[in-house]
Amino acid sequence: MPKFSFTAGFSPAGGQPEAIQKLAEGVEKGQKHQVLQGVTGSGKTMVVAQMIQEIQRPTLVMSPNKTLAAQLCSEFRSFFPQNAVEYFVSYYDYYQPEAYIPRSDTYIEKDSSRNDEIDRLRQSATRALLTRPDVIVVASVSCIYGVGSPEDYLGESVEIHAGEGFRRDIFLRKLTNLQYQRNDVDFGRSRFRVRGDTVDVQPSYDQIATRIQFNGDEVERIVQLDPLTGEVIGDVESFQVFPATHYVTPREKLLRALDAISEELEERVGWFESQGKLLEAQRLRQRTMFDLEMMRETGSCAGIENYSRHLTGRRPGQEPYTLMDFLPKDTLIVVDESHVGVPQIGGMYGGDRSRKIPLVDYGFRLPSALDNRPLTFAEWERKVQQVVYVTATPG
């Protein structure tokens, strides 16, 4: 039975059938690079959708910005109503990155406004990629920025079944380790509440909640419910809950990371002091020690992504984990508006690095913060198996 089921109230016309056939044949033959070119309004999105129907492979569609990504996501959802069409873009409504301007001695603290619904959609996308074969993810080019390790994200998930032995206190501890917050009054996404032997959880990626009823050390019943009204939707046999954040780290791995961060801190502070840069040494020690204490006590801290190299166990300079690492090996990449998108992919690394170097040079961040970065174009090319470039611009 086909994984992808295409639905449309019209059929391909004009040059579309030939384009669909040639693209599908190229993918099946293992052709790495193909181009779909057509004027605006010629139905290129439907051609791509029909091609996905033909090849039956998971697909990542990369768009230059959030607005175009949202439009494409809506179109693909209308074409594939039975499949998982997901949306993965930056969850910031407003974002002022951390920066330091040496010329004027100006430190700009990171300031941002996070969109909770977009964060939910991001979590939904990674969860779908790890649990379903029929996934189309529509993402902005920012998906080449680092996220957490997919192995840790999947490995830390918790699955329970109705009728199995599972202690309530252990389940609550696991939820806390997954960065879920207990709130018995203001229940909502990425939170859980406890009422006697009943635990309600609303996953970070879902709009519905799940209620687990314990009877002693056994899971008696699992039901899904509306988190606002409490109305029961129905019983389920099992429930798998994924972390509330992409930056989740097993406790043993976290402790190793803290040791590695402390070691890097001492080395860097020693270097600053040997150069007579006492202000930078003091600044770096104070900021990093505070972050270490927060991570040790709560498992997280503000700007935790700057320590991602240590938290994921990567080597210096090694490419970060991104959405690309969550994709199945046979995923097809589609770059929409590729005359804009491809240069964006190539330029992101340089822009990110030029902003962070002063932060490292003046003691605001450890050198390992440079490894919290987007992919370089060469790294992106190595990760993709096959690409279709969609453009309305000749050449």
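The values are calculated or read from the model by the stated rules, or taken from the named source; none is laboratory data. Bear in mind that the values here come from a model prediction, so they are computed numbers and not experimental data. Here the Cβ is made from the backbone with ideal geometry for all residues, glycine too, and neighbour counts use every protein chain on show.
Points to keep in mind about this one:
- Residues located in the stretch 69-79, provided they are over 22 Å from Gln386 (Cβ atoms) and of a type outside the set (S, T, N, Q): Ala70, Arg77
- Residues of the stretch 347-386 that are over 27 Å from Pro102 (Cα atoms) and either under 20 Å from the mean Cα position of the chain (by Cα) or among the polar types (S, T, N, Q) (or both): Phe377, Glu379, Trp380, Glu381, Arg382, Lys383, Val384, Gln385, Gln386.
- Meets criteria (within 24 Å of Pro374 (Cβ to Cβ) and at pLDDT below 95) for Tyr100: no
- Per-region count, the stretch 118-165, residues hydroxyl-bearing (Ser, Thr, Tyr) and touching a His at 6+ places or on another chain (Cβ under 8 Å): 2
- Cβ-Cβ under 8 Å pairs, at least 6 apart or on other chains, the stretch 118-133 side in the same structural domain as Asp93 (by TED's automatic domain parsing), far side basic (Lys, Arg) and in a loop (DSSP other than H, G, I, E, B): Arg120/Arg189; Pro133/Lys3
- Qualifying residues in the stretch 56-89 (those that are within 22 Å of Gly346 (Cβ to Cβ) and in contact with a Lys or Arg (Cβ under 7 Å, 6 or more places away or on another chain)) - the one surrounded by the most Cβ atoms within 10 Å (Cβ to Cβ): Phe88
- Residue identified as free of Cβ contacts under 8 Å to residues at least 40 places away in the same chain, hydrophobic (A, V, I, L, M, F, W, C) and either surrounded by fewer than 18 Cβ atoms within 10 Å (Cβ to Cβ) or out of contact with any Lys or Arg (no Cβ under 6 Å at 6 or more places or on another chain) (or both) among Ile212, Ile261, Ile208: Ile208
- Tabulated pairs, the stretch 322-334, first of a type in the set (Ser, Thr, Tyr), second in a helix (DSSP H, G or I) and buried (at least 23 other Cβ atoms within 10 Å of the Cβ), C-beta under 8 angstrom, 6+ apart or interchain: Thr322/Cys143; Thr322/Ile144
- Where Leu370 falls short, out of the listed (1) part of a helix (DSSP H, G or I); (2) closer than 23 Å to Lys32 by Cα: (2)
Each row is one residue, and each column tells you yes or no for (1) surrounded by fewer than 14 Cβ atoms within 10 Å (Cβ to Cβ); (2) part of a strand (DSSP E or B).
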{"position": "Pro17", "(1), (2)": "yes, no"}
{"position": "Ala24", "(1), (2)": "no, no"}
{"position": "Val27", "(1), (2)": "no, no"}
{"position": "Gln34", "(1), (2)": "no, yes"}
{"position": "Thr40", "(1), (2)": "yes, no"}
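- Count - residues of the stretch 65-106 that are among the small types (Gly, Ala, Ser) and out of contact with any helix residue (DSSP H, G or I) (no Cβ under 7 Å at 6 or more places or on another chain): 5
- Residue match in the stretch 73-86 (condition: closer than 19 Å to Ala139 by Cβ, of a type in the set (A, V, I, L, M), modelled with pLDDT of 95 or more and in the same structural domain as Asp116 (by TED's automatic domain parsing)): yes
- In the stretch 347-360, the residues that are in contact (Cβ under 8 Å) with a residue 12 or more places away in the chain and either crowded, with 19+ Cβ neighbours inside 10 Å or farther than 13 Å from Ile108 by Cβ (or both): Met348, Tyr349, Asp352, Arg353, Lys356, Ile357, Leu359
- Long-range neighbours under 9 Å by Cβ, at least six apart or interchain, first residue at pLDDT below 95 within the stretch 20-37, second part of a helix (DSSP H, G or I): Gln37/Lys44
- Considering Ser90, Ser5, Ser78, Ser11, the condition of being polar (S, T, N, Q) and not in a loop (DSSP other than H, G, I, E, B) is satisfied by Ser78 alone.
- Qualifying residue in the stretch 177-186 (condition: part of a strand (DSSP E or B), touching a residue at least 12 places away in the same chain (Cβ under 8 Å) and within 23 Å of Ala84 (Cα to Cα)): no
- Among (1) in contact with a Leu (Cβ under 7 Å, 6 or more places away or on another chain); (2) at pLDDT below 95 - the single one Gly43 does not satisfy: (1)
- All positions within the stretch 117-133 that are buried (at least 18 other Cβ atoms within 10 Å of the Cβ) and either assigned to a loop (DSSP other than H, G, I, E, B) or charged (D, E, K, R) (or both): Asp119, Arg120, Arg122, Arg127
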